[in-house]
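Enquirer: Starting off with a structure, shown below.
The values are calculated or read from the model by the stated rules, or taken from the named source; none is laboratory data. On a predicted model such as this, the values are computed, not experimentally measured, just so you know. Note that each Cβ is placed from the backbone with ideal geometry, even for glycine, and that neighbours are counted across all protein chains shown. Calculation scope for accessible area: heavy atoms of the full protein, side chains included, ligands and nucleic acids excluded. Shrake-Rupley method; radii C 1.70, N 1.55, O 1.52, S 1.80 Å.
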Amino acid sequence: MIRVTPIQTGTVSIRPHHHCGEEGKGSIRRKIDMLMDKDWVEDLPIFTYLIEHPEGNFLVDSGDTAENSAQDFLPSWHPFFKHGVVVKVAPGEEVGDQLWRMGLNPNKDLKALVLTHMHHDHAGGLHHFPHIPIIVTRENYELASSFKGRIFGCLPQYFPRWFSPQLIEFNNEPFGPFAESFYLTKDKNVICVPTPGHMRGHMSIIVKAPDMTYIIAGDATYDERFLLEELVDGVTYNVDLSKQTLRKFKQLGREQPTLLLPAHDLNVRERLEKQLILPCDSLII
Ligand SMILES: [Zn+2]
């Protein structure tokens, strides 16, 4: 049996120009628009995903932490953390607490924690997992750990002292539209694929269940609407690369029944409940 379950670790609010940049604008202009934006989108969920697989359980992303809900805990010198984001995570909403409530010991009942990327709302729960492998791409970890990482939405100053992730590089074996991949399971049904654009070294996790292919997208797209219309967020470092990633998701959706699971999409639970696949007639590239 292979099953994918969303676990919501609170909410995050961001500016509309962060959620979706304006078409025709490049990555720098999109950052300026984000910082000048005075509006907010509605609170968005912060999802992590539990993958239950015969070879073991995997958790994708660790969500955010209750500490980041206090605005003065986030770096006040940083315009994004000061003006561009509001995190709301109650202590019991952190992913470790929720795993315990689901009957899972975070450090015994998971084979690994896999990070799509290391933005604060994906790597905020690392402290729950001192005793299991934590997997991230080398490229993303090196950026997130650097000063540049602090500029671009990571909080390496709060990484646990023991944090020493397993750094992966893709192995050149193609998977569907993706030229490279990294298998997490021997049966090759849980697969990391590079999905650059939102952040350097960003990856998504593909789960192949018997009747459905799931894309655990991280932040490669925030929302299925944006994927179908090939609209890119304000955070992207390269609009064209982000769009190439979206087209690969759409291509996968044309090849097989595919269900999209981004980290901040309001409709994820309904999509899973009703098994709503990417609509084929909207997948023309
Ligand atoms: Zn992100």
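Enquirer: Rounded to the nearest 0.05, what FRET efficiency do A90 and K38 give with R0 = 25 Å and r taken as the Cβ-Cβ distance? Could you check?
Expert: 0.35
Enquirer: Leaving out ligands, DNA and RNA, what percent of the accessible area of region 3-275 is carbon and sulfur, probe 1.4 Å? It would help to have the intermediate numbers written out before the result.
Expert: Numbers: 5780 of 11350 Å².
Carbon and sulfur atoms account for 51 percent of the accessible area of region 3-275.
Enquirer: Add +1 for every Lys or Arg and -1 for every Asp or Glu among the other residues with Cβ under 15 Å from the Cβ of K208, and state the total.
Expert: -3
Enquirer: Where Lys and Arg each count +1 and Asp and Glu each count -1, what net charge lies around D33 among other residues with Cβ under 14 Å from its Cβ?
Expert: That sum, taken over residues with Cβ under 14 Å, equals +1.
Enquirer: Let me ask another. Once you charge only the Cβ atoms, +1 for Lys and Arg and -1 for Asp and Glu, what is the size of the charge dipole of region 96-218 about its Cα centre, to the nearest 20 debye?
Expert: In total the dipole reaches around 260 debye.
Enquirer: Please quote Rg/Rh for region 202-245 to two decimal places, taking the Kirkwood radius as Rh and restricting both calculations to Cα atoms.
Expert: Using Cα coordinates only, the ratio equals 1.01.
Enquirer: Also, I was wondering about something else. Measure off 7 Å from each Cα along the Cα-to-Cβ vector at K274 and S146, then give the distance between these two points in nanometres to one decimal.
Expert: Distance between label points: 4.4 nm.
Enquirer: Ok, one more. Under 11 Å from the Cβ of D64, count the other residues' Cβ atoms, weight Lys and Arg +1, Asp and Glu -1, and hand me the total.
Expert: Cβ neighbours under 11 Å give a net charge of -4.
Enquirer: Using a basic spin-label model with each label point 7 Å from the Cα along Cα→Cβ, how many nm lie between S164 and R138?
Expert: Placing both labels 7 Å along Cα→Cβ, they lie 1.8 nm apart.
Enquirer: What is the distance in Å between the Cα centres of region 51-72 and region 1-42?
Expert: Taking the Cα centre of each part, region 51-72 and region 1-42 sit 19 Å apart.
Enquirer: Pairs K186/K243; K148/K248; K208/K243; K111/K186; K25/K250; K188/K208: which exceed 20 Å Cα-Cα?
Expert: K186/K243; K148/K248; K208/K243; K25/K250
Enquirer: Additional query: Using only the alpha-carbon atoms of region 142-285 as identical scatterers, what base-10 log of I(q)/I(0) does the Debye formula give at q = 0.09, 0.21 Å⁻¹?
Expert: After summing over all Cα pairs, the log10 values are -0.29, -1.38.
Enquirer: In addition: How compact is the chain by the rule of thumb for globular proteins, expressed as Cα Rg over 2.2 N^0.38 Å?
Expert: Values: Rg = 17.5 Å, N = 285, 2.2 N^0.38 = 18.8 Å.
In units of the 2.2 N^0.38 Å rule of thumb, it is 0.93.
Enquirer: Compare the Cα positions of V95, P54, T195 along the charge dipole of the chain (+1 at Cβ of Lys, Arg; -1 at Cβ of Asp, Glu; about the Cα centre) and return the one farthest towards the positive end.
Expert: T195
Enquirer: Further, regarding this structure: Only bridges whose two residues both fall in region 79-199 count here: according to DSSP, what percent of them are antiparallel, nearest 5?
Expert: 40 percent
Enquirer: Now, a different point. What are the semi-axes of the equivalent ellipsoid for region 1-147, taken as the square roots of 5 times the Cα gyration tensor eigenvalues, largest first, in whole Å?
Expert: Semi-axes (√(5λ), whole Å): 29, 17, 15.
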